[in-house]
Amino acid sequence: MPKYKRVWTYYFAPLLARSANTLAPLQNRVEKFIQQCKASSFMIGFTIVVLLGNCFLGPAQRSIVVLEKSPFLSQSTCLSCSSSNLSTNSGDKYQEPFVFPPRHTPTKKAPVTKLLSSSVPVSIPTTSTQTILPTQGSMNVFPYGSCTWWANQRYFQLHGIFVPWRTQSNAWQWTARAYQFGWHVSSSPMVGAVIDLQPGVQGASWAGHVALVERILSNGDVIASNMNWGAYPWQVTYVEFAPGPGITFLYL
C-alpha cells in the first residue's frame, strides 16, 4: 500500500468521520434557524401588506356610496339625519339606508313653580342703559367775547340758566345740542330765546352765529343782542334778523 494511502486511511479518514459527526448537529441547527427566519419574515411581510391594504383600500371601499337626496331634508322642521351602509348580498355591494339618532337631544323643561298668594314678592332691580343728560349748566364755559359766550350769558341774565352743552358746541351745532339735552327747538321766534343761524345764513360765518332775541317786530323780524358781530366784535350790538330757513329758536 503506498504511503499516501496509508496516511489517508489511518489519519484523514477518521478525522473526516469525526468532523462529519460533529458538524451534523450544527448543520441541522443552522437549517432550522434559517427556516424559522424565513417563516418570521413571511409573517411580518404578510402583516405589513394587510395593514397597508386596510389603510388604502378600506377608505376607498367605504367611500363608494351613492347618496340620494331625501325629499324631507328641505323641510324647516327638525328631522333625523339619514345615511347609508354597505353590506354584501351574494357577493355584490348594495346600499342599505339606516338612521342615525339626532345630534341634538331635546331639553327637558324646568318645572314651573307657582307662587302661592302668601309668597313674598321679590323686587328685581332694573338697570337702564340710557344716560339722562342735564337740562341746565352750572357756568359759562365759552370764551369771553364770542357769540356763544354772550348768548349763554344773556340767557342766564334773563332766566337764571346756563346752557348744559359744552362739547361740539360751535354756534351752528347749538340746535343739535338743544335736541340732545331736551330743550325746545322752534322755527317761530320768542322773546328771550336763543336764535341760532347756520353758516352763511344772513351774514353768519362758517361757524354759524347765536344771539338772544330781545324784541319781536310787527313784521315778524326779531331784534337780537349779539357779540362778535359786525365792526365791533367786542361790544354788544343789536341786529335785526328775519326768521326763515337755516334759523331756529332755542329755549328751555
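Values in this text are rule-based calculations from the coordinates and carry no lab data. These figures come from a predicted structure and were not determined experimentally. Neighbour counts run over all protein chains shown; Cβ positions are idealised from the backbone, glycine included.
Residue 211 - would you say it is buried (at least 17 other Cβ atoms within 10 Å of the Cβ), out of contact with any helix residue (DSSP H, G or I) (no Cβ under 7 Å at 6 or more places or on another chain) and farther than 25 Å from residue 131 by Cβ?
On the way: buried (at least 17 other Cβ atoms within 10 Å of the Cβ): yes; out of contact with any helix residue (DSSP H, G or I) (no Cβ under 7 Å at 6 or more places or on another chain): no; farther than 25 Å from residue 131 by Cβ: yes.
No; evaluated as a whole, the condition is false for this residue.
Quick check on this structure: which one of 251, 232, 238 is among the aromatic types (Phe, Trp, Tyr), over 26 Å from residue 135 (Cβ atoms) and touching a strand residue (DSSP E or B) at 6+ places or on another chain (Cβ under 6 Å)? Reasoning before the result, please.
Numbers: 251 fails: over 26 Å from residue 135 (Cβ atoms); 232 fails: touching a strand residue (DSSP E or B) at 6+ places or on another chain (Cβ under 6 Å).
Result of the check over 251, 232, 238: 238.
Does any residue of the stretch 223-230 turn out to be in contact (Cβ under 8 Å) with a residue 40 or more places away in the chain, among the hydrophobic types (A, V, I, L, M, F, W, C) and surrounded by 13 or more Cβ atoms within 10 Å (Cβ to Cβ)?
So in the stretch 223-230, the residues in contact (Cβ under 8 Å) with a residue 40 or more places away in the chain come out as 225-229.
Now narrow it down to the ones that are among the hydrophobic types (A, V, I, L, M, F, W, C): 227, 229.
Now restrict to residues that are surrounded by 13 or more Cβ atoms within 10 Å (Cβ to Cβ): 227, 229.
Within the stretch 223-230, one or more residues are in contact (Cβ under 8 Å) with a residue 40 or more places away in the chain, among the hydrophobic types (A, V, I, L, M, F, W, C) and surrounded by 13 or more Cβ atoms within 10 Å (Cβ to Cβ).
Just give me the residues in the stretch 229-252 being closer than 13 Å to residue 151 by Cβ, in a loop (DSSP other than H, G, I, E, B) and either out of contact with any His (no Cβ under 8 Å at 6 or more places or on another chain) or among the small types (Gly, Ala, Ser) (or both), in sequence order.
If the condition is that a residue be closer than 13 Å to residue 151 by Cβ, in a loop (DSSP other than H, G, I, E, B) and either out of contact with any His (no Cβ under 8 Å at 6 or more places or on another chain) or among the small types (Gly, Ala, Ser) (or both), then 236 is the only one that fits.
For the stretch 163-184, state whether one or more residues are in a strand (DSSP E or B) and surrounded by 15 or more Cβ atoms within 10 Å (Cβ to Cβ). Full working, then the answer.
Filtering the stretch 163-184 down to residues in a strand (DSSP E or B) leaves 184.
Those left that are additionally surrounded by 15 or more Cβ atoms within 10 Å (Cβ to Cβ): none.
No, there is no match, as no residue in the stretch 163-184 is in a strand (DSSP E or B) and surrounded by 15 or more Cβ atoms within 10 Å (Cβ to Cβ).
Conditions: (1) in contact (Cβ under 8 Å) with a residue 12 or more places away in the chain; (2) under 22 Å from residue 160 (Cα atoms). Residue 179 meets all but one. Number of the miss?
(1)
Could you grab me the full set of residues in the stretch 187-212 that are touching a Ser or Thr at 6+ places or on another chain (Cβ under 7 Å) and in contact (Cβ under 8 Å) with a residue 60 or more places away in the chain?
187, 210, 211, 212
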